[in-house]
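A.B. asks: Attaching a single structure in structure tokens format; questions to follow.
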Number of protein chains: 4
Amino acid sequence: MDGNEKAQHNRDAFQIERVILFTDAVFAIAITLLVIEIKVPELEHPTEQAVQVVLAHLIPKFVGFFLSFFIIAIYWTAHHRIFRFVRRLDNRLLWLNLVFLLSIILMPFTTAYQSEYSLLRTPWILYSINIAFTGLMQIALQRHLSNARHKLVAHPEHEHPDLDIARPLMSPVVFISSIALAFVLPPLALRMIPAVAFPLLAFLNRKRHKRLTAAYHGKHGATVLA
Amino acid sequence: MDGNEKAQHNRDAFQIERVILFTDAVFAIAITLLVIEIKVPELEHPTEQAVQVVLAHLIPKFVGFFLSFFIIAIYWTAHHRIFRFVRRLDNRLLWLNLVFLLSIILMPFTTAYQSEYSLLRTPWILYSINIAFTGLMQIALQRHLSNARHKLVAHPEHEHPDLDIARPLMSPVVFISSIALAFVLPPLALRMIPAVAFPLLAFLNRKRHKRLTAAYHGKHGATVLA
Amino acid sequence: MDGNEKAQHNRDAFQIERVILFTDAVFAIAITLLVIEIKVPELEHPTEQAVQVVLAHLIPKFVGFFLSFFIIAIYWTAHHRIFRFVRRLDNRLLWLNLVFLLSIILMPFTTAYQSEYSLLRTPWILYSINIAFTGLMQIALQRHLSNARHKLVAHPEHEHPDLDIARPLMSPVVFISSIALAFVLPPLALRMIPAVAFPLLAFLNRKRHKRLTAAYHGKHGATVLA
Amino acid sequence: MDGNEKAQHNRDAFQIERVILFTDAVFAIAITLLVIEIKVPELEHPTEQAVQVVLAHLIPKFVGFFLSFFIIAIYWTAHHRIFRFVRRLDNRLLWLNLVFLLSIILMPFTTAYQSEYSLLRTPWILYSINIAFTGLMQIALQRHLSNARHKLVAHPEHEHPDLDIARPLMSPVVFISSIALAFVLPPLALRMIPAVAFPLLAFLNRKRHKRLTAAYHGKHGATVLA
């Protein structure tokens, strides 16, 4: 590489970093805004007992906060994992990423809505649609990256097991199922589904991921990206 | 380059990156704040039907949210596209960028105002002024960059089609027209104008951009920045 | 290092930087959100005297704001200090960091709760749990980094005095003690405990840190990271 | 530089960048939060006239918003200008910077307070104290950097005119004067002082800066940082 090529290369690298750091800023704000939906109620006659009652009434909101915190955190780690392969941007990747972020930005609202009305079905359905949509956008991102024709990822990394769509598929499967079950199960039971389904699916996925990793290294040698 | 020159060069590069990352942080916050204007209403007697009605009443706010999300996203991609040319900062570029950001920062307010009163003309006019102003600031930024005398951009990139002002001109044209039409059309119809005008103008602009790109490469050779 | 190894090295470095910059964004938002919990009250008949009374009533909120500002700032400097050692990421480090951030994100809420009810015990206990938990997470992070088997830190820096857990232990000790004392002391006195305990413990810790630094340099030579 | 020294150098550079990018995130949030203090009022019977009246009543808030936007923007450009000299961090620089940020974080509150009660003196005094304090912290930062003994800045840049304290002194002088004048002038006139005083002082300062720059280059040659 001569000086010009190097400058061009640095510029391209920074353009990618800029997309990633913008993404992280949106993630950071969305995950932190979750907590401002939990308001400290004002009391006319505050006593120890009154403020404890107030806190107890906020429990559904805290449950909603923790659930969304971990969901957003999981999507952030996923973004961190898959964007390490990106070597080149195209317009489509930029916009898939922006629509992915749109679904992240909506989470403080859908979280507040479902945890404000934690005994109802409708808010859970909206919340589930939001998260399923995020998962589908992650799949769209991964499929775009793993398509060798786009040359966004260095060969042979477009076949890397971290771009396998089984993992991002878990979340849409769980949450779309929970929408179907919303008409059968009581609303509070719906909120338990992720806690039951995810560990099970994660266990199955880990086995699949190991198998894919072995196959990937068998095909391309151990020197490729772990 | 000796050690000192290299250190100086890295420092200058970081000063530019700092402006860009500050810009991205402002964009990220403005785009995420759009959603906190959509508040979950409190209900005394929440039922499935009541929370669905509540959601239905929020539809104009969601329409406003989606419109502003895509407008801010478009301006972010524009900033991402044009600042990749920047090789040097001057004071004027810094302040043009800050005033550009001022108009981005105002969007959560003008969005909330126009979607709270979606049946009225006045809020739409204010909103249109806000977006037209953003477009005009983008034009000011591009003109400043493409002025060869300022040496902010490496030769011959100041002639790059991505610095052509036809694209950023679309948004002021559409929104200033919508202000004029505000006195003729019913307020709801005004909100449809961008959805109709942008695809049409984008189509025309794509043709122009292709023509300009061919001319640019014809003049400077294929090795220049794509 | 050949070209491929260098690219791989740059990529790994950026993956670490990304975790750190995401962390900083969360810190920046949490520390800035502290102030939006302090609302300007609306007055029907604003006079100089009325707005001064309003301000006087906000004093407990400002005290809470300043306390939390410095606590979050201290944890940020701690993160800045300990993550400079990180040479490699693993999944556990990523998640320990995210749970650490969870406790930072909760601070605007627990701060608002304890400064809204500054004459009560319960809010102080919740606040103390929050901060003690942050301290425990910092200890978990440091223990994970200083475990040589994980190879996250270059040898011999896993023994660096800045990874000593005496310093992050101070905060849990002080705040858990204040919970115990909450049943003996009046609520306002509880709020004084940090102001008394920290300078004392910081003094003791400085002596310990000097001793550890001398031992570290004695063992590994003066060339290692200061 | 061998490999180890280079790694150490990159690490030190990133530690400085991290401080700067954290600072920028706080600035970005504070400047964007200014606008959420401007709330869209709800109307029971919204008409064109009613929403125009609502907007007219928000004018003092917009004036306050614009004033604070430009003040925060000026301090950001100042930080951008002076931190380009930083070659090394010490603990004192870290904490001076954090206290500087504390005063930036308070601005959304003091802005809201002074623009909510724009006909009163007290809120303006608090606002002026806030800004004067920011200016004093900038002076403290610059004095710390320009002290050659600390070796935070490469020789001879500690004598660079951009570290001259005349410029950051303007803001405390103007705002502390406005506090004194608060007991003589009517409250609305106070708000005009910055608009009158700053252009005048900026003009005087530009002349001084030119003189200092000439002296600096005369002493150290033209090759030093412009």
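A.B. asks: Hey, what do the phi angles of the stretch D:20-37 turn into as Karplus ³J(HN,Hα) couplings, whole Hz, using 6.51/-1.76/1.60 and θ = phi - 60°, x for Gly and Pro?
C.D. replies: 5, 6, 4, 4, 5, 5, 5, 4, 4, 5, 4, 6, 7, 5, 3, 6, 6, 6
A.B. asks: Please compute how much accessible surface disappears when D pairs with B, both sides summed, using a 1.4 Å probe, and round it to the nearest 100 Å².
C.D. replies: Counting both chains, the buried surface is close to 3500 Å².
A.B. asks: Moving on. On average, how many beta carbons from a partner chain sit within 10 Å of the beta carbon of a residue in C:12-23?
C.D. replies: Per residue, the number of nearby Cβ atoms from other chains is 6 on average.
A.B. asks: Also, quick follow-up: Place the label 7 angstrom along Cα→C-beta at C:E44 and in each other copy, then list the distances from the first to the rest in nm, shortest first.
C.D. replies: 1.6, 1.6, 2.2
A.B. asks: Once you average over the residues of C:112-124, how many Cβ atoms of partner chains fall within 10 Å of each Cβ?
C.D. replies: Partner Cβ neighbours, averaged per residue: 5.
A.B. asks: Give me the percent relative contact order of the stretch A:10-220, please, defined on Cα pairs under 8 angstrom at least 6 residues apart.
C.D. replies: It comes to 21 percent, rounded to a whole number.
A.B. asks: A further question follows. How far apart, in nanometres, would the label points at C:N147 and B:R149 be if each is projected 7 angstrom from Cα along the Cα-to-Cβ direction?
C.D. replies: Inter-label distance under the simple model: 6.5 nm.
A.B. asks: Let me ask something else about it. Over 32 Å between C-alpha atoms is what I'm after, so list which of C:K61/D:K151; A:K210/C:K151; C:K210/D:K151 land there.
C.D. replies: C:K61/D:K151
A.B. asks: Ok, one more. Hey, what's the Cα Rg ratio for the stretch A:44-126 versus the globular rule of thumb, 2.2 N^0.38 Å?
C.D. replies: Numbers: Rg = 18.4 Å, N = 83, 2.2 N^0.38 = 11.8 Å.
Ratio of Cα Rg to 2.2 N^0.38 Å: 1.56.
A.B. asks: Out of the stretch A:119-226, which trypsin sites (Lys or Arg not before Pro) are coil in DSSP terms and have no more than 13 other C-beta atoms within 10 Å?
C.D. replies: Filter output for the stretch A:119-226: A:K151.
A.B. asks: While we're on this one: Scanning chain B for GluC sites (Glu not before Pro) in DSSP loops with at most 10 other Cβ atoms within 10 Å, what's the longest stretch left with none?
C.D. replies: On the way: sites that count: B:E42, B:E44.
Answer from the scan: B:45-226.
A.B. asks: If you don't mind, another one. Might you tell me the accessible area per residue for the stretch D:10-220, computed with a 1.4 Å probe and given in Å²?
C.D. replies: I get 42 Å² per residue for the stretch D:10-220.
A.B. asks: How about the stretch D:156-226: which chymotrypsin sites (Phe, Trp or Tyr not before Pro) there are in a DSSP loop, with at most 13 other Cβ atoms within 10 Å of their Cβ?
C.D. replies: Passing sites in the stretch D:156-226 are D:F183.
A.B. asks: Please compute one quarter of the surface area of the Cα convex hull for the stretch C:130-209 and express it in square nanometres.
C.D. replies: Mean orientational projected area (the stretch C:130-209, Cα hull): 5.8 nm².
A.B. asks: What are the ³J(HN,Hα) values, in whole Hz, obtained from phi via the Karplus relation 6.51 cos²θ - 1.76 cosθ + 1.60 with θ = phi - 60°, for each residue of the stretch D:125-138 in sequence order, with x given for Gly and Pro?
C.D. replies: So the J values, rounded to whole Hz, are 4, 4, 4, 5, 4, 4, 6, 4, 4, 4, x, 5, 5, 4.
A.B. asks: Using 10 Å bins from zero, what percent of all Cα-Cα pairs in the stretch D:29-88 falls into each bin?
C.D. replies: Per 10 Å bin, starting at zero, the Cα-Cα P(r) for the stretch D:29-88 comes out as 19, 33, 23, 14, 8, 3, 0 percent.
A.B. asks: For the residue pair B:L89 and D:K6, what label-to-label distance in nm results when each label sits 7 Å from Cα along the Cα-to-beta-carbon direction?
C.D. replies: 2.8 nm
A.B. asks: Considering all alpha-carbon pairs of the stretch B:1-70, what whole percent are spaced by more than 16 angstrom?
C.D. replies: Every Cα pair in the stretch B:1-70 considered, those over 16 Å come to 67 percent.
A.B. asks: Under the rule of at least 5 residues apart or a separate chain, name every residue whose amide H is placed under 5 Å from the amide H of C:V86.
C.D. replies: Hits under the 5 Å cutoff: none.
A.B. asks: While we're on this one: Which of the trypsin sites (Lys or Arg not before Pro) across the stretch A:1-88 are loop residues per DSSP, with 14 or fewer other Cβ within 10 Å?
C.D. replies: Answer in residue order: A:K39, A:R88.
A.B. asks: Give me D for chain A in µm² s⁻¹, whole number, from Stokes-Einstein with Rh from the Kirkwood sum over alpha-carbon pairs, 20 °C and 1.002 mPa s.
C.D. replies: Roughly 109 µm²/s, to the nearest whole number.
A.B. asks: With θ set to phi - 60°, apply the Karplus curve 6.51 cos²θ - 1.76 cosθ + 1.60 along the stretch B:99-107 and write out the HN-Hα couplings as whole Hz, x wherever there is a Gly or Pro.
C.D. replies: 6, 4, 5, 3, 6, 5, 5, 6, 4
A.B. asks: Also, quick follow-up: Set the Förster radius R0 to 25 Å, insert the Cβ-Cβ distance between D:A202 and B:A13 as r into 1/(1 + (r/R0)^6), and round the FRET efficiency to 0.05.
C.D. replies: The computed FRET efficiency comes out at 0.30.
A.B. asks: With a cut-off of 19 Å, note down the residues of the stretch D:58-82 whose backbone N falls inside the zone around a label point 7 Å from the Cα of C:A50 toward its beta carbon.
C.D. replies: Hits in the stretch D:58-82 for C:A50 at 19 Å: D:58-61.
A.B. asks: Taking every residue in B:47-60, how many Cβ atoms of other protein chains lie within 10 Å of its Cβ, on average?
C.D. replies: 3
A.B. asks: Expressed as a whole number of Å, what is the distance separating the alpha-carbon centroids of the stretch D:25-73 and the stretch A:56-111?
C.D. replies: Cα centres, the stretch A:56-111 to the stretch D:25-73: 29 Å.
A.B. asks: Please report, as a whole percent, how much of the solvent-accessible surface of the protein assembly as shown comes from carbon and sulfur atoms (probe radius 1.4 Å).
C.D. replies: 65 percent
A.B. asks: So, one more: Does the protein assembly as shown come out rounded, prolate or oblate, given a ≥ b ≥ c as the square roots of the eigenvalues of its C-alpha gyration tensor, rounded meaning a/c under 1.5 and, failing that, prolate meaning a/b above b/c? Could the numbers behind the result be given before it?
C.D. replies: Working: a/c = 1.03, a/b = 1.03, b/c = 1.00.
Cα axes put the protein assembly as shown in the rounded bin.
The values are calculated or read from the model by the stated rules, or taken from the named source; none is laboratory data. The structure displayed is predicted, hence computed values, not measured ones. Don't worry about glycine lacking a Cβ; one is built from the backbone with ideal geometry, like all the others, and counts go over all protein chains shown. Side chains included, ligands, DNA and RNA excluded: accessible areas come from the protein's heavy atoms. Shrake-Rupley method; radii C 1.70, N 1.55, O 1.52, S 1.80 Å.
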